[in-house]
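Contents: one structure, followed by commentary.
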Amino acid sequence: MPEFTFILPCLNEEKTLPIVIKEIKDYIKLKNLNAEILISDNNSTDKSVSIAKKMGVRVSICKNKGYGNALINGTKNAKGKYCFMGDCDGSYDFSHLDEFINKLHDGYDLVVGNRFMGGIKKDAMPLSHKIGVRFLSLYANMLFRTPVRDYHCGLRGYNTKALKNLGLSSGGMEYASEMIIKARINNLKMCEVPTILRKDLRNGKPHLRTIRDGFRHLFLITGMFINRKKYIIKK
């Protein structure tokens with residue numbers, strides 16, 4: 001069984017997927033990791049699935065649309081003791097994960113990347129997103145006192161079993177907030193490490209919808225605080 005599973009949620013990413021898979025494969029080889037790459041495909045209509053299979057990557061089809069659903073499916077089908085989650089658009093740096101791995105080996109259940117600490121490349125994040133992420137992270141930390149200042153960084157490492165036990169259920173982008181909050185409510189050990197955000201390599205529209213997804217995060221954070229006791233997992 002592999003120690004690590006790299007989960008890539010995918011929806012029509014044929015242009016950038018080969019680049020990201022190669023970057024991960026190069027890192028796995030460089031660090032001699034016992035690892036697999038898993039594409040959690042959200043019903044792509046392009047050549048994403050065939051490209052992944054030709055590159056020797058395992059594919060699991062997620063019929064339910066949404067970023068969160070794809071990652072839930074990926075975690076469910078992961079074989080590794082630990083998982084890394086990231087995007088297929090080339091924006092996250094899969095070639096510098098040493099600190100993530102060190103923290104996981106030190107016993108942390110959830111390690112979240114912080115793009116503000118690591119650096120945001122030119123044109124990688126619009127000003128509206130920077131303001132929104134800062135505000136929502138500050139708001140969530142006021143309520144839950146979490147040690148995470150970049151709530152929406154999509155590059156994360158986690159203990160597979162610990163995350164499965166949380167019963168995450170958000171199907172959309174707000175999955176990122178739900179993961180941190182449920183981990184905090186259930187006293188999982190978490191931290192953040194610096195990571196670099198690069199300009200994504202896609203030519204089309206991003207899957208993120210700034211205003212809609214921002215409000216979904218806001219409503220989820222508020223609702224989870226009001227009903228926080230019901231999110232405690234009984235052991």
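Beta bridges per DSSP, both residues in the chain: antiparallel share near 30 percent. Projecting label points 7 angstrom from Cα along Cα→Cβ for Asn227 and Lys79 puts them 3.7 nm apart. Taking 28 Å as the straight-line reach from the Cα of Lys189, the lysines in range (excluding those fewer than 8 positions away in the same chain) are Lys31, Lys76, Lys79, Lys81, Lys103, Lys130, Lys161, Lys164, Lys229, Lys230, Lys234, Lys235.
Apolar share of the accessible surface for the chain: 54 percent from carbon plus sulfur atoms, 1.4 Å probe.
For Phe135, the solvent-accessible surface with a 1.4 Å probe is about 110 Å², rounded to the nearest 10. Probing with 1.4 Å while keeping every protein chain in the model, the per residue accessible area of region 22-171 equals 47 Å².
Nearest 5 is fine: what % of DSSP beta bridges in region 100-235 come out antiparallel, could you say? Approximately 35 percent, going by the DSSP bridge assignments.
Tyr82 contributes about 20 Å² of solvent-accessible surface, heavy atoms of the protein only, 1.4 Å probe. Of all the options Leu71, Leu38, Leu138, the one that moves most in a Gaussian network model of the chain with Cα springs shorter than 10 angstrom is Leu138. In this simple spin-label model, placing a label point 7 Å from the Cα along the Cα-to-Cβ direction at both Lys189 and Ile120 gives a separation of 3.1 nm.
The values are calculated or read from the model by the stated rules, or taken from the named source; none is laboratory data. Note that the structure is a prediction, hence the values are computed from the model and not measured. Backbone-built Cβ (ideal geometry, glycine too); neighbour counts: all protein chains shown. Areas reflect the complete protein model, heavy atoms only, side chains present, ligands, DNA and RNA absent. Shrake-Rupley method; radii C 1.70, N 1.55, O 1.52, S 1.80 Å.
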